[in-house]
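Enquirer: Let me begin by handing over the structure; questions about it come next.
The values are calculated or read from the model by the stated rules, or taken from the named source; none is laboratory data. Note that the coordinates shown come from a computational prediction; the quantities given were computed from them, not determined experimentally. Cβ atoms come from the backbone with ideal geometry, glycine included; neighbour counts cover every protein chain shown. Each accessible area value is taken on the protein alone, full model and side chains, heavy atoms only, with ligands, DNA and RNA left out. Shrake-Rupley method; radii C 1.70, N 1.55, O 1.52, S 1.80 Å.
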Amino acid sequence: MILYDYFRSSAAYRVRIAIELKGLAVERRPVHLLRDGGEQKRPEYLAKNPQGLVPALELDDGTVLTQSLAIIEYLEALAPNPPLIPANPIRAAKARAVALMVACDIHPLTNLRVLNYLQQELDQSRAAIEFWRRRWILKGGLEAIEQAIEPAPFCFGAEPTIADVCLVPQVFNARRFAAPLDRLEKIRAVESACLTLPAFRATHPSAQADAE
């Protein structure tokens, strides 16, 4: 399998964590989202992922899977252990809800293409864009997740789930963009617990060969 990846993409970071937790051997091929106008816009990449986004996972038979949560669910089916979806149906729903809060509610509003549109098409200032980004990371995002999780020490118990896999990359983004996290004590505790695990440390953006 081949993972088309960008070291700083939080969506790709989620998939890297899942791959490491599952112990799968996957070739990583960086797709730089900024270099030369964005390598994700090249015809050869668009032929694999018409959205022009990362990550994309190419299977050995040439099938290409897109969207981080769909890829993680595929990996869960391919390698059920360790499980990222709790067996308890209520905990499973809660873990998926946190993953969706990150992937569907926070991430789209702070994605590079959205921020570029604000600047290039709507002529918003850098200060306004930074305010936008921090606002949507927190309001209805991490502030709501803080209330939803039940650290023990991970989001929903003694083992990491899809919730942790999605939350840690979003916290990385929040720190990168100076969103205040001082009041989010449960989230910071979960992040600390996750970063004790080799799978989370090895997949951190700073640990990637193409990190800048």
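Enquirer: Identify, by number, the condition in (1) part of a loop (DSSP other than H, G, I, E, B); (2) out of contact with any Gly (no Cβ under 9 Å at 6 or more places or on another chain) that Ala70 doesn't meet.
Expert: (1)
Yes/no matrix, rows are residues, columns are (1) in a helix (DSSP H, G or I); (2) touching a Ser or Thr at 6+ places or on another chain (Cβ under 6 Å); (3) under 16 Å from Ile2 (Cβ atoms); (4) of a type in the set (Ser, Thr, Tyr):
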{"residue": "Ala18", "(1), (2), (3), (4)": "yes, no, yes, no"}
{"residue": "Asp36", "(1), (2), (3), (4)": "yes, no, no, no"}
{"residue": "Gln40", "(1), (2), (3), (4)": "yes, no, yes, no"}
{"residue": "Tyr45", "(1), (2), (3), (4)": "yes, no, yes, yes"}
{"residue": "Asp61", "(1), (2), (3), (4)": "no, no, yes, no"}
{"residue": "Ala77", "(1), (2), (3), (4)": "yes, no, no, no"}
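Enquirer: Would you tally the residues in segment 104-126 being surrounded by fewer than 14 Cβ atoms within 10 Å (Cβ to Cβ) and over 25 Å from His32 (Cβ atoms)?
Expert: Number satisfying all stated conditions: 4.
Enquirer: Can you tell me which residues in segment 186-205 are exposed (fewer than 11 other Cβ atoms within 10 Å of the Cβ) and without any contact (Cβ under 8 Å) to a residue 12 or more places away in the chain?
Expert: In the first step, residues of segment 186-205 are kept if they are exposed (fewer than 11 other Cβ atoms within 10 Å of the Cβ); the result is 196, 198.
Passing the criteria: only Thr196.
Enquirer: I'd like to verify a number: residues in segment 34-52 that are open to solvent by less than 90 Å² (accessible area, probe 1.4 Å), within 28 Å of Val98 (Cβ to Cβ) and out of contact with any Lys or Arg (no Cβ under 8 Å at 6 or more places or on another chain), how many?
Expert: Counting residues in segment 34-52 that are open to solvent by less than 90 Å² (accessible area, probe 1.4 Å), within 28 Å of Val98 (Cβ to Cβ) and out of contact with any Lys or Arg (no Cβ under 8 Å at 6 or more places or on another chain) gives 2.
Table: residues versus (1) open to solvent by 10 Å² or more (accessible area, probe 1.4 Å); (2) in a loop (DSSP other than H, G, I, E, B); (3) not aromatic (Phe, Trp, Tyr).
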| residue | (1), (2), (3) |
| --- | --- |
| Pro80 | yes, yes, yes |
| Ala93 | yes, no, yes |
| Met101 | yes, no, yes |
| Ala128 | yes, no, yes |
| Arg133 | yes, no, yes |
| Trp136 | yes, no, no |
| Ile145 | no, no, yes |
| Asp164 | no, no, yes |
